[in-house]
1. Among Thr160, Gly145, Trp126, whose Cα sits farthest toward the positive end of the charge dipole of the range 106-164 (+1 at Cβ of Lys/Arg, -1 at Cβ of Asp/Glu, about the Cα centre)?
2. If you filter the range 1-50 for GluC sites (Glu not before Pro), then keep DSSP loop positions with at most 11 other Cβ within 10 Å, what is left?
3. When Rg is the radius of gyration of the Cα atoms in the range 5-143 and Rh is its Kirkwood radius, what does Rg/Rh come to?
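Where a number appears in this text, it was derived from the coordinates with a stated rule and is not lab data. All values derive from a computational prediction rather than experimental measurement. Here Cβ is always computed from backbone atoms with ideal geometry, including for glycine, and neighbour counts include all displayed protein chains.
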Amino acid sequence: MQEYRISHNDLPPEGKVFFVVEPAVWTTPLREFHIDCRIDVPLKARIHVFPADNGWLVRGTLQGRIIVPCSRCAEDAVVPIDAHFENFEAISDQDENAFPPVDNETDACVVWEGNVPMLDLAAVCWEEFVLALPVTPLCREDCKGLCATCGANLNEESCTCKNEVDDPRMAKLRGLIVHNG
Ligand SMILES: [Zn+2]
Ligand SMILES: [Zn+2]
């Protein structure tokens with residue numbers, strides 16, 4: 001994978017726009033973290049980086065489309081990604097004599113090359129991607145999910161299981177049976 005590290009020396013005072021489109025920027029960490037996610041429409045990031053005294057202001061967009069398992073039925077859920085972000089990536093204060101910095105809490109987007117802090121645009125792209133992931137992706141708005149008893153995909157078939165947990169009388173009865181058993 002190409003390196004996407006930039007230092008303050010790479011930037012004019014008014015900042016500069018970078019484009020990141022290399023799939024490996026996302027597919028490498030997806031594999032590394034064993035995340036079940038396929039890229040459907042290639043992701044592309046446009047990032048305007050402004051230099052600041054103690055870091056960088058990054059402002060940009062991330063667009064594309066991914067396929068992840070539906071949170072109810074585990075079938076494919078197609079999810080458009082259209083994120084707009086603006087962050088400050090800070091260079092943390094550190095002991096001038098200690099490289100790499102002692103402070104491990106430093107932002108993963110800022111890396112040190114010798115005594116030069118560099119902004120890692122690939123890390124920015126990954127961070128924004130993770131933030132853009134839906135918490136409960138759905139294959140469709142009204143996904144019926146799986147039957148809790150037999151596992152049938154209720155979008156495709158109906159089953160004869162009696163999942164009547166919503167009926168308080170039935171729940172009570174089941175409780176009694178469990179107690180007696
Ligand atoms: Zn579903
Ligand atoms: Zn069933």
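1. Selected residue: Thr160.
2. On the way: sites: Glu3, Glu14, Glu32; in loops: Glu3, Glu14.
Listed in order of number, the matching sites are Glu3, Glu14.
3. Working: Rg = 17.2 Å, Rh = 16.4 Å.
With Rh from the inverse mean 1/r over Cα pairs, Rg/Rh is 1.05.
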